[in-house]
Amino acid sequence: MKSAREAGRVAGVLLLLQMLISAAVNFALLEPIFRQPGYLVDALGGRVEQYYALERDFPVAGAWGNGQATVWAEQLKTSLPDAQVLLRYGKSNGWLDDQPAVITQTYGKGRITYIGAVLDDTLTAAATDWMIQTSGIKPVFGAVPDGVEVSRRRGNNNKDVFVMINFAAEPKKITLPRTMKLLLQGKQADSMELPQYGVEVLTE
């Protein structure tokens with residue numbers, strides 16, 4: 001009986017070792033998937049090394065200006081010499097100090113950018129402006145006030161139709177990019193006032 005129990009224990013230990021080795025091999029094979037951004041690591045030229053839920057805001061600075069990372073921070077690492085670090089963490093908790101917070105890399109005809117932190121409003125706006133300028137996107141309608149959304153649709157005659165919605169609690173005055181037809185008001189104008197939570201549909 002004793003030798004049978006010992007044999008069972010040895011078999012159990014061997015099975016456990018086999019499972020651990022198998023798990024280690026599988027993790028090594030799948031590590032590129034587990035490491036964010038997963039299958040995009042090679043395209044980005046970098047990856048996430050560590051991540052951390054923030055108890056307080058940490059400073060970040062770089063091409064988009066100076067600001068704060070809040071709530072969440074990821075320590076990034078570049079793996080290609082031409083991968084560009086746009087933002088770095090400032091002096092904070094030691095292991096994040098001077099580490100990359102945002103990485104970008106050209107890819108094909110475009111660019112891939114990884115933001116490893118929740119940025120404050122100022123830096124988020126700067127990041128948005130940078131993305132628009134870098135991508136060469138041009139607005140088809142033009143600037144509108146805060147709280148106003150414009151969506152473009154294509155009509156049966158292959159002409160643009162713009163749906164404008166005011167999500168603000170107050171009226172918004174809007175300068176149109178050119179004289180347009182205000183379909184719901186039944187007139188043409190080069191400017192308009194959209195009432196609180198108002199909607200308008202515009203065409204050329």
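The values are calculated or read from the model by the stated rules, or taken from the named source; none is laboratory data. Here the structure is a predicted model, which is why all the values come from computation and not from measurement. A quick note on method: Cβ atoms are made from the backbone with ideal geometry, for glycine too, and the neighbour counts reach across all protein chains shown.
Below, the figures for the structure above:
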quantity	calculated
Qualifying residue in the stretch 51-62 (condition: at pLDDT below 90, hydroxyl-bearing (Ser, Thr, Tyr) and surrounded by 15 or more Cβ atoms within 10 Å (Cβ to Cβ))	yes
Hits in the stretch 144-161 - residues which are closer than 16 Å to Glu200 by Cα and of a type outside the set (D, E, K, R)	Val144, Pro145, Gly147, Val148, Val150, Ser151, Gly155, Val161
Residue ID - farthest from Ala83 (Cα to Cα), chosen from residues in the stretch 95-150 that are out of contact with any strand residue (DSSP E or B) (no Cβ under 6 Å at 6 or more places or on another chain) and of a type in the set (Phe, Trp, Tyr)	Trp95
Residue that is more than 30 Å from Thr203 (Cβ to Cβ) and in contact with a helix residue (DSSP H, G or I) (Cβ under 7 Å, 6 or more places away or on another chain), where the choices are Trp64, Trp95, Trp130	Trp64
Test: residue in the stretch 156-163 that is closer than 12 Å to Val60 by Cα, touching an Asp or Glu at 6+ places or on another chain (Cβ under 9 Å) and either surrounded by 16 or more Cβ atoms within 10 Å (Cβ to Cβ) or in contact (Cβ under 8 Å) with a residue 40 or more places away in the chain (or both)	no
Unique match (being touching a helix residue (DSSP H, G or I) at 6+ places or on another chain (Cβ under 7 Å) and part of a strand (DSSP E or B)) among Tyr52, Tyr114	Tyr114
Qualifying position, being touching a residue at least 40 places away in the same chain (Cβ under 8 Å) and farther than 30 Å from Ala143 by Cβ, among Leu40, Leu119, Leu80, Leu123	Leu40
